[in-house]
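Student: Would you mind keeping the following structure in view while I ask a few things?
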Amino acid sequence: MQLPQQLLGSLAGVAGFDKEAFVQTHESGRQVTSVRVNPGKIPMVNSDGSMVKGIPPGLQQHFSITSSAKIPWCTYGLYLSERPAFIFDPLIHAGAYYVQEASSMFLEQALMQTSDTSQPLRVLDLCAAPGGKSTLLQSLISADSLLVSNEVIKSRAAILEENSVKWGGANVVVTNADPVAFAKLENFFDVIVIDAPCSGSGLFRREPEAIAEWSEHNVQLCYQRQQRILADVFPALKEGGVLIYSTCSYSKEEDENIGDWLMDAFTVHSLPLKTEAAWGIVETRSDKHKTYGYRFFPDKVKGEGFFISCFRKQEGTGNTVRMPKRPALQKASKNESAILQPWLQTGSGMQLWKQKEDLFAFPQQLEKELLTIVDNVYVRRAGTTIGKIAGNDLVPDHALAVSTLVNGSIVAVTLKREEAIQYLRRDDVTITTGQKGWTLVQFEHYNLGWIKVLQNRINNYYPQGWRILKRAPDIP
Ligand code: SAM
């Protein structure tokens with residue numbers, strides 16, 4: 001692997017850079033595989049209310065791993081000793097876990113050390129696709145907090161939506177908007193996460209093909225784009241709110257220099273984070289304003305290249321966004337709500353809404369937030385889609401099956417791995433069940449989706465666009 005000489009040269013003055021070890025790590029071909037489990041689906045709390053210490057037993061078996069595999073800076077992160085063919089693991093399609101690079105999971109520390117997550121927070125993840133940071137944020141915020149996951153590129157917003165739905169939370173709105181669209185939501189968010197588009201040098205070990213695209217010119221272009229994105233969205237952060245900025249670039253221009261630029265352009269305060277020496281993370285300070293940053297080098301940390309930095313906004317206009325006079329959404333009628341109730345867990349604190357044909361659930365206490373977002377930004381999906389009503393019945397949506405709201409007493413059938421893959425390919429499923437009508441299909445107790453059992457056939461309702469297209473080598 002030939003790393004760009006200009007990159008190596010430019011890193012000479014960067015804190016913690018050890019050229020020999022850095023080059024050697026890239027040439028070693030060693031890869032780190034990590035996943036993050038979904039606490040909304042995999043119980044992380046014991047029956048006595050204490051937290052599961054180590055890895056939930058079901059997953060230990062599933063991945064054949066030991067307790068030493070925990071990622072120290074992320075409650076739900078695990079290292080795997082090998083990289084399985086994730087696409088053929090039904091649990092990933094059930095949203096039981098997400099494959100995420102370990103360094104990125106440090107976002108947990110950035111959020112928990114700067115914000116009070118026991119309080120309801122309004123969080124914006126501005127550059128969110130494919131959803132690694134957003135699914136982590138979903139797991140960290142309280143059920144009465146709001147997460148807006150945004151992606152500007154339409155095709156990538158579709159993938160973000162898929163991953164967000166599979167993660168299963170109802171307090172999430174997926175939007176597809178340019179950062180400037182959020183400027184209208186003045187002083188709205190408590191936390192804004194900007195995992196910025198960057199020159200990507202931090203991923204060279206995992207994706208050597210990206211090396212060819214790297215240039216100093218591109219680093220400059222990224223630096224300018226990062227400034228534009230930050231300036232566009234800045235009005236949406238509350239006074240006292242936290243901006244979490246990260247990249248997967250090693251370049252100072254895109255990392256520390258952005259900190260200095262922020263301090264010059266706005267009234268912000270740089271926030272230090274606590275780390276442990278054993279983690280190998282390098283604390284850096286910017287040249288001009290000495291803002292704090294945290295850089296991850298793959299020769300020091302068990303993870304890929306990453307940089308993260310946090311700021312608190314010290315200024316504010318005091319303006320607040322006005323609620324729309326005429327709400328763009330209507331609440332479900334009594335009759336519609338009555339049809340939906342048997343499908344939902346009782347006491348879930350949800351308001352049921354209707355948009356065109358679709359009925360969806362969103363936390364009751366976030367009504368104002370929901371209506372404000374819908375009024376200002378293009379929303380792809382809000383909350384958990386429950387389904388459509390046909391006559392006096394519900395046609396359940398896939399999102400309900402993989403959500404945390406679905407009623408646990410709905411009839412379910414358990415599939416073997418081969419059958420689950422068939423189902424996820426949207427092939428015909430041949431299982432014997434005495435049950436007729438809408439039925440959940442499960443793998444190792446996790447819901448995969450719906451089937452409808454008719455008199456002499458079974459219809460597969462797995463979403464067409466999400467089906468597995470590849471053939472599993474060990475399944476005919
Ligand atoms: N946060 C994501 C995660 O953890 O899965 C990864 C985000 S990736 C580093 C950066 C994202 O920014 C990409 O999805 C990209 O499409 C988006 N992006 C590209 N140009 C942008 C722009 N001008 N404004 C906002 N986002 C942009």
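Student: Could you check the range 93-104 and list, in sequence order, the residues that are within 30 Å of Arg295 (Cβ to Cβ) and in contact with a helix residue (DSSP H, G or I) (Cβ under 7 Å, 6 or more places away or on another chain)?
Tutor: Across the range 93-104, the qualifying residues are Tyr97, Tyr98, Val99, Gln100, Ser104.
Student: Would you check which residues across the range 225-238 are over 25 Å from Arg206 (Cβ atoms) and either outside any strand (DSSP E or B) or touching a Lys or Arg at 6+ places or on another chain (Cβ under 6 Å) (or both) and list them?
Tutor: Gln227, Arg228, Leu230, Ala231, Asp232, Val233, Phe234, Pro235, Ala236, Leu237
Student: Sticking with this structure for a sec: Can you give me the ranges of the strands (runs of 3 or more DSSP E) entirely in the range 79-166 with at least 1 residues that are surrounded by fewer than 20 Cβ atoms within 10 Å (Cβ to Cβ) and touching a residue at least 40 places away in the same chain (Cβ under 8 Å)?
Tutor: In the range 79-166, the matching strands (runs of 3 or more DSSP E) lie at 97-99.
Student: While we're on this one: Among the residues of the range 320-330, is there at least one that is under 24 Å from Ile244 (Cβ atoms) and at pLDDT below 95?
Tutor: Checking the range 320-330: at least one residue is under 24 Å from Ile244 (Cβ atoms) and at pLDDT below 95.
Student: Select, from Ser309, Ser286, the only residue that is closer than 19 Å to Ile258 by Cα, without any contact (Cβ under 8 Å) to a residue 60 or more places away in the chain and of a type in the set (Ser, Thr, Tyr).
Tutor: Sole residue among the options that is closer than 19 Å to Ile258 by Cα, without any contact (Cβ under 8 Å) to a residue 60 or more places away in the chain and of a type in the set (Ser, Thr, Tyr): Ser286.
Student: Ok, one more. With respect to Glu276, determine if the residue is acidic (Asp, Glu) and in contact with a Lys or Arg (Cβ under 8 Å, 6 or more places away or on another chain).
Tutor: no
Student: Search the range 451-476 for residues that are farther than 30 Å from Ser155 by Cβ and pair each with any residue that is in a helix (DSSP H, G or I) when their beta-carbon atoms are under 9 Å apart and the residues are at least 6 apart or on different chains.
Tutor: Asp474/Phe88; Asp474/Glu418; Pro476/Glu418
Student: Of everything in the range 242-255 that's assigned to a helix (DSSP H, G or I) and open to solvent by 10 Å² or more (accessible area, probe 1.4 Å), which residue is farthest from the ligand (Cβ to nearest atom)?
Tutor: Of everything passing the filter in the range 242-255, Lys252 is farthest from the ligand (Cβ to nearest atom).
Student: Starting from residues that are among the hydrophobic types (A, V, I, L, M, F, W, C) and open to solvent by 40 Å² or more (accessible area, probe 1.4 Å), keep the ones in the range 199-241 and report whichever is nearest to Glu315 (Cα to Cα).
Tutor: Selected residue: Ala231.
Student: Quick check on Val193: is it buried (at least 20 other Cβ atoms within 10 Å of the Cβ), within 11 Å of the ligand (Cβ to nearest atom), assigned to a helix (DSSP H, G or I) and not acidic (Asp, Glu)?
Tutor: Considered against the rule, which asks whether it is buried (at least 20 other Cβ atoms within 10 Å of the Cβ), within 11 Å of the ligand (Cβ to nearest atom), assigned to a helix (DSSP H, G or I) and not acidic (Asp, Glu), Val193 comes out as no.
Yes/no matrix, rows are residues, columns are (1) over 14 Å from the mean Cα position of the chain (by Cα); (2) modelled with pLDDT under 95; (3) closer than 25 Å to Lys470 by Cβ; (4) within 16 Å of the ligand (Cβ to nearest atom):
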site: Ala94; (1), (2), (3), (4): yes, no, yes, no
site: Val99; (1), (2), (3), (4): no, no, yes, yes
site: Leu107; (1), (2), (3), (4): no, no, no, yes
site: Asp125; (1), (2), (3), (4): no, no, no, yes
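Student: Could you check, for the range 69-77, whether at least one of its residues is of a type outside the set (Lys, Arg), more than 15 Å from the ligand (Cβ to nearest atom) and open to solvent by 30 Å² or more (accessible area, probe 1.4 Å)?
Tutor: yes
Student: Next question, about the same structure. Out of the residues in the range 178-187 meeting the condition of being open to solvent by 10 Å² or more (accessible area, probe 1.4 Å) and in a loop (DSSP other than H, G, I, E, B), tell me which one is farthest from Leu121 (Cα to Cα).
Tutor: Going through the qualifying residues, I end up with Asp178.
Student: Find the residue count for the range 270-304, including only residues that are open to solvent by 20 Å² or more (accessible area, probe 1.4 Å), hydroxyl-bearing (Ser, Thr, Tyr) and assigned to a loop (DSSP other than H, G, I, E, B).
Tutor: Number satisfying all stated conditions: 1.
Student: Only one of (1) open to solvent by 70 Å² or more (accessible area, probe 1.4 Å); (2) touching a residue at least 24 places away in the same chain (Cβ under 8 Å); (3) over 13 Å from Ala401 (Cα atoms) is not met by Val429, so which one is it?
Tutor: It is condition (1) that Val429 fails.
Student: On to the next question. Give the residues of the range 196-224 that are within 12 Å of the ligand (Cβ to nearest atom) and assigned to a loop (DSSP other than H, G, I, E, B), sorted by residue number.
Tutor: Within the range 196-224, Ala196, Pro197, Cys198, Ser199, Gly200 qualify.
Student: Of everything in the range 331-349, what is assigned to a loop (DSSP other than H, G, I, E, B), in contact with a helix residue (DSSP H, G or I) (Cβ under 8 Å, 6 or more places away or on another chain) and modelled with pLDDT of 95 or more? Give them in sequence order.
Tutor: Matches in the range 331-349: Ala332 only.
Student: Taking the range 416-449, which residues are among the polar types (S, T, N, Q) and either modelled with pLDDT of 95 or more or under 28 Å from the mean Cα position of the chain (by Cα) (or both)?
Tutor: Gln422, Thr439, Gln442, Asn447 - these are the residues of the range 416-449 that are among the polar types (S, T, N, Q) and either modelled with pLDDT of 95 or more or under 28 Å from the mean Cα position of the chain (by Cα) (or both).
The values are calculated or read from the model by the stated rules, or taken from the named source; none is laboratory data. Note that the structure is a prediction, hence the values are computed from the model and not measured. Methodologically, a virtual Cβ is constructed for each residue, glycine included, from the backbone with ideal geometry; neighbour enumeration extends over all protein chains shown. Quick note on the areas: whole protein, heavy atoms, side chains included, nothing else; ligands and nucleic acids left out. Shrake-Rupley method; radii C 1.70, N 1.55, O 1.52, S 1.80 Å.
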